[in-house]
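Everything on this sheet refers to the single structure shown next.
Taken together, the values in this text are just the output of simple stated rules run on the coordinates, not laboratory data. The shown structure was predicted, so the numbers you read here are calculated from the model rather than taken from an experiment. As a convention, Cβ positions derive from the backbone with ideal geometry for all residues, glycine included, and neighbour counts pool all protein chains shown.
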Amino acid sequence: YVTHEGCDHVFFVGFLGAGKSTLARNLGRLYRRRYVDTDRLAERLLRKTVSECFHQDGEGRFRDAETEVLRRLRDERSLLVSCGGGIVEREENCHLMHEMGAVVFLRGSLQDSARQIQHPEKRPDWGSSGETRALFEHRMPLYERTADYIVEITGKSFEQVAQEAG
Ligand code: S3P
């Protein structure tokens, strides 16, 4: 799957805790392709953690770093990219991903993500479960609209998901 830009990345999107990073890392090992994580690349760019950025500079600054990270992937080839859960919030990010390759949405239930949401360092302002459900429901159509492929993860082992996504 090579785009007109000559890029052939695969982007994994989905709600926090859907297992994007784990899948990208393990598929990278399986198919001998380099994998990257936009959160980690953003932290390198920002020289601070995601949480510090949210607290010190605000979400907008983090979102700017996410977009800059995607832009820089245009100079790379054949990456598996695990994307932060909010990357679909910006239309520009969705265009960038489609310019550079295929977008795979790992679709699960809110319960599938619940265990990750208990780690507040992942995203400092995770509020009440009501707010999290509202965010989840806000995001679903954004992932579905952006996805070239959808892989259902609920009730599946990692191997089953990897086989479908691979
Ligand atoms: C976010 C999800 C996080 C990270 C940041 C914002 C979100 O990524 O990008 O905390 O807005 O859903 P993961 O989905 O990899 O945890």
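222 nm [θ] for the chain, helices only, -39500 (n - 2.57) per DSSP H run of 4+, per residue, to 500?
Rounded to the nearest 500, the figure is -15500 deg cm²/dmol.
Given H placed on each backbone N at 1.01 Å, which residues far from Ile150 in sequence or on other chains put an amide H within less than 5 Å of it?
For Ile150, the qualifying residues are Phe105.
By average Cβ neighbour count within 10 Å, what is the ranking of 137-144, 12-19, 87-94 from highest down?
Ranking, from highest mean packing down: 12-19, 87-94, 137-144.
Could you work out how far apart the two model spin labels at Arg29 and His95 are, taking each label as a point 7 Å from the Cα in the direction of the beta carbon, and quote it in nm?
3.8 nm
Quick check on packing: order 27-35, 96-104 by the mean number of other C-beta atoms within 10 Å, highest mean leading.
Descending mean neighbour count gives 96-104, 27-35.
Please report the Cα spread of the chain along all three principal axes, rounded to whole Å, starting with the longest.
41, 36, 27
Out of residues 5 or more away from Leu79 or on other chains, whose amide H comes under 5 Å of its own, with H placed 1.01 Å from N in the peptide plane?
Asp8, His9, Val10
Testing the spin-label approximation: label points 7 Å from Cα along Cα→Cβ at Thr67 and Glu131. State their distance in nm.
2.4 nm
Looking at region 1-61, which GluC sites (Glu not before Pro) are DSSP coil and have at most 15 other C-beta atoms within 10 Å of their C-beta?
Glu5
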